[in-house]
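Chemist: One structure follows; several queries about it will come next.
The values are calculated or read from the model by the stated rules, or taken from the named source; none is laboratory data. This is a predicted model, so every value here is computed, not measured. Here the Cβ positions follow ideal geometry from the backbone for every residue, glycine too, while neighbour counts run over all protein chains shown.
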Amino acid sequence: MKKSVVFKKAFLTGMIICCLGLTLSACDQEQVAPQKSVTEVEVMTIQPQSMDMKQTLAGRTTAYLTSDVRPQVSGIIEKRLFKEGDYVQAGQVLYQLDSKLYQAAHESARGDLVEAEASLLAAKPKAQRYKNLLAIEAVSQQDALDAQATLKEQEAAVISAKAALNTAKINLGYTSIRAPISGRIATSTYTPGALVTAEQTTALTTIQQLNPIYVDITLSSTELLNLRKQIDKGTLNAPNGKVPVSIIMEDGSTYEHTGTLEFIGTSVDTGTGTVNLRAIVPNPKYLLLPGAYVKAELPLAVNHQAILIPQKAVTRNHKGDPVVKLVGADNKVVERTVETSDAQGNQWVVTSGLKAGEKLIVEGVSTVSSGNTVKVVQQATASNSVTSDQK
């Protein structure tokens with residue numbers, strides 16, 4: 001009986017110890033269980049700022065001046081006096097034609113003038129003498145009139161001879177074909193020994209003045225109206241009324257010289273709704289060549305309260321609307337729909353949905369949802385995100 005009681009006490013004691021062990025073990029596991037982690041995000045404080053709104057438009061370069069060189073008299077080319085691709089000055093001799101026939105014509109015209117002047121020299125005293133004789137009725141009136149007519153004829157002959165000599169001199173000068181403008185000269189389509197004529201339509205060569213150079217672009221009529229309004233209000237920087245134009249080269253680099261908008265078309269294209277514009281750009285190193293594709297960057301407006309946010313901070317909801325995620329005062333994520341306009345580089349211009357001072361999540365957007373508690377680990381600055389280039 002005594003052994004049975006002892007056994008029961010030992011059994012109960014063991015059970016109590018076992019239960020206590022399990023309880024303590026459960027408590028220990030509960031104490032070491034990891035707490036749920038808080039997602040870390042990077043935010044940007046919304047700050048409205050002044051921003052130049054620009055638009056980049058496709059354009060083509062055009063020579064400032066272009067001149068096709070053609071002969072003005074016929075003849076055989078004796079010499080070509082330029083190197084293709086060189087810069088030539090206005091008045092520089094480019095080709096020399098065979099001038100022997102024109103030299104002879106010039107000498108003949110000069111001889112005709114001398115002859116006409118000699119005849120005039122003889123006609124003058126005769127006309128005067130007959131005039132005096134008529135006064136004393138020593139000659140008939142008809143003879144006196146004939147003498148005066150002869151004098152007039154000789155005077156006219158001298159005038160004609162002088163004109164013929166001048167024409168011969170001009171034609172002789174045309175045998176030296178000169179550059180009508182200064183600029184870069186193209187290849188020659190004719191070689192020495194070739195016959196050229198005054199009536200031919202094919203140019204001997206072409207000269208293009210490339211400094212400065214034109215850039216032809218198009219702009220929508222709506223944007224042009226906005227541009228003019230900004231200039232009138234003084235909110236667009238246009239020194240001396242000239243709108244600055246930056247040129248983006250084919251390799252994406254920005255051209256070192258800034259041009260100005262010189263010409264605006266007088267009508268709107270009814271098919272495209274655009275207006276032709278022309279900018280003039282300095283080109284001292286001849287980096288821009290006619291026909292090249294470039295991009296022209298024009299200022300369109302100045303927004304003094306612009307809100308720009310990184311494009312990576314914007315997602316789309318199931319409706320396709322742009323959505324951003326903000327960090328509220330209690331560090332909880334708030335999802336909000338916004339309205340955006342044009343892209344400025346890697347930024348969106350937000351027109352509605354954000355206010356100054358709000359904290360926008362820019363890193364970790366895809367890892368959080370509305371209502372989540374987050375930890376802000378870094379504050380991005382708005383200035384690091386702003387760009388004013390519209391592509």
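Chemist: So is residue 164 at pLDDT 95 or above, out of contact with any helix residue (DSSP H, G or I) (no Cβ under 6 Å at 6 or more places or on another chain) and under 30 Å from residue 74 (Cα atoms) or not?
Modeler: In short, no.
Chemist: Hey, residue 118 hits all of (1) of a type in the set (Gly, Ala, Ser); (2) farther than 30 Å from residue 144 by Cβ; (3) surrounded by fewer than 18 Cβ atoms within 10 Å (Cβ to Cβ) but one; which does it fall short on?
Modeler: (2)
Chemist: Another one. So in region 139-156, with the set limited to residues that are touching a Phe, Trp or Tyr at 6+ places or on another chain (Cβ under 9 Å) and small (Gly, Ala, Ser), which one is nearest to residue 120 (Cα to Cα)?
Modeler: Checking each candidate, the answer is 147.
Chemist: Please go through region 83-104 and pick out each residue that is touching a Phe, Trp or Tyr at 6+ places or on another chain (Cβ under 9 Å), farther than 20 Å from residue 196 by Cα and of a type outside the set (A, V, I, L, M).
Modeler: 87 - this is the single residue of region 83-104 that is touching a Phe, Trp or Tyr at 6+ places or on another chain (Cβ under 9 Å), farther than 20 Å from residue 196 by Cα and of a type outside the set (A, V, I, L, M).
Chemist: Taking only region 186-213 into account, find how many residues are assigned to a loop (DSSP other than H, G, I, E, B), closer than 18 Å to residue 174 by Cβ and not small (Gly, Ala, Ser).
Modeler: Summing the residues that are assigned to a loop (DSSP other than H, G, I, E, B), closer than 18 Å to residue 174 by Cβ and not small (Gly, Ala, Ser) in region 186-213 gives 8.
Chemist: Right, something else. Output the residues belonging to region 317-343 that are in a loop (DSSP other than H, G, I, E, B), aliphatic (A, V, I, L, M) and out of contact with any strand residue (DSSP E or B) (no Cβ under 7 Å at 6 or more places or on another chain).
Modeler: Correct list: 329 only.
Chemist: Restricting the first residue to region 100-116 and requiring it to be free of Cβ contacts under 8 Å to residues at least 12 places away in the same chain and among the aromatic types (Phe, Trp, Tyr), which pairs with a second residue that is surrounded by 13 or more Cβ atoms within 10 Å (Cβ to Cβ) and outside any helix (DSSP H, G or I) meet a Cβ separation below 9 Å and a spacing of at least six or different chains?
Modeler: Filtered contacts from region 100-116: no entries.
Chemist: Let me spell it out: the conditions are (1) at pLDDT below 90; (2) surrounded by 14 or more Cβ atoms within 10 Å (Cβ to Cβ); (3) under 37 Å from the mean Cα position of the chain (by Cα); (4) not acidic (Asp, Glu), and residue 364 meets all of them except one. Which number is the exception?
Modeler: Result: residue 364 fails condition (3) only.
Chemist: Can you run down the residue pairs with Cβ atoms below 9 Å, 6 or more apart or on separate chains, where the first is in region 121-137 and assigned by TED's automatic domain parsing to the domain that holds residue 158 and surrounded by 14 or more Cβ atoms within 10 Å (Cβ to Cβ) and the partner is of a type in the set (Lys, Arg) and in a helix (DSSP H, G or I)?
Modeler: Close Cβ pairs satisfying both conditions: 123/152; 127/152.
Chemist: Out of (1) out of contact with any Ser or Thr (no Cβ under 7 Å at 6 or more places or on another chain); (2) crowded, with 18+ Cβ neighbours inside 10 Å; (3) polar (S, T, N, Q); (4) part of a helix (DSSP H, G or I), the odd one out for residue 167 is which?
Modeler: Only one criterion is unmet by residue 167, namely (2).
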